[in-house]
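Down below is the structure, laid out as structure tokens.
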Amino acid sequence: MLIDNEDKNLIEKKISSEAVFDGVLLHVRKDEVELPNGHTATREWIKHPGASAVIPLLPDNQIILVRQFRYPVGKVTLEIPAGKLDKLGEDPIECAKRELSEETGYTAGKFWKLTTIATTVGFTDEYIHLYAASDLTPGKIHPDSDEFINAVKIPLTAALQMVESGKIFDAKSAVAILLLAKQVFLKKSEEI
């Protein structure tokens, strides 16, 4: 990303970096940085391999979401299928295809990119690539051994209301639902 001249006075420079924790998924770093005013500060952040997510769209404008318990928030959530990039350099679309199949059993004849989002820029470098999929063919769900999920079909209009009411509060899912709804409903109005 290009930095405008007016933003040069915002840049922090890394002085040192140390690994605080190296887990299976997350790698916590503690960096010392020089602030634009010359003072120093500590930045704790999480290194993440990145992820892909996909919102499957059926011909009747229903979408397929997954319900699963999310330990950090202590709740069962309603989300689009998603997963981390499994190996360095993995193509995000291949990850999206894999997660669609694992978590819903479906394969898709058509995929398209919605956007890429940075999930929480204040403490992680995680980016999630968001896709939509259509021309779906059902199959057998085959989640990872530590995943317990239920796939559900929901009308896109109902999912929009769930985002607005806070029932769907997962950020990647909310963004994907809003972007897909914009595409679907703008296309319909243009056809009239």
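Can you give the FRET efficiency for Asn37 and Thr124, using 1/(1 + (r/R0)^6), R0 = 22 Å, r = Cβ-Cβ distance, to the nearest 0.05? E between Asn37 and Thr124, to the nearest 0.05, is 0.30. Using a cutoff of 8 angstrom between alpha carbon atoms and counting only pairs six or more residues apart, the relative contact order for the stretch 5-47 works out to 34 percent. Between amide H atoms placed 1.01 Å from N, distances below 5 Å from Gly50 occur with Leu85, Tyr127, all of them 5 or more places distant or on a separate chain. Got a sec? Charge dipole of the chain, +1 on Cβ for Lys and Arg, -1 for Asp and Glu; which of Gly74, Tyr131, Ala158 is way out at the positive end? Result: Ala158.
Cβ crowding within 10 Å, taken as a proxy for footprinting-reagent exposure, orders Leu57, Leu178, Leu88 from fewest neighbours to most as Leu88, Leu178, Leu57. Cross-link pairs exceeding 31 Å in C-alpha to C-alpha distance, out of Lys30/Lys113; Lys13/Lys110; Lys84/Lys182; Lys14/Lys167; Lys14/Lys84, comprise Lys30/Lys113; Lys13/Lys110; Lys14/Lys167.
In plain terms, the residue of Ser173, Ser101, Ser16 with the fewest other Cβ atoms within 10 Å comes first and the most crowded comes last, giving Ser16, Ser101, Ser173.
Each Cα pair under 8 Å and six or more residues apart adds its separation to the average, and for the chain the resulting relative contact order is 20 percent. Looking at the stretch 136-192, the chymotrypsin sites (Phe, Trp or Tyr not before Pro) that sit in a DSSP loop and have at most 15 other Cβ atoms within 10 Å of their own Cβ are Phe148, Phe169.
Residue order for Phe111, Phe123, fewest other beta carbons within 10 angstrom first, comes to Phe123, Phe111. Close amide-amide hydrogen proximity is noted between Ile168 and Val163, each under 5 Å apart and 5 or more residues distant or on a separate chain (H modeled in the peptide plane; Pro and chain starts excluded).
Values in this text are rule-based calculations from the coordinates and carry no lab data. Keep in mind it's a predicted model, so treat the numbers as computed, not measured. Here the Cβ is made from the backbone with ideal geometry for all residues, glycine too, and neighbour counts use every protein chain on show.
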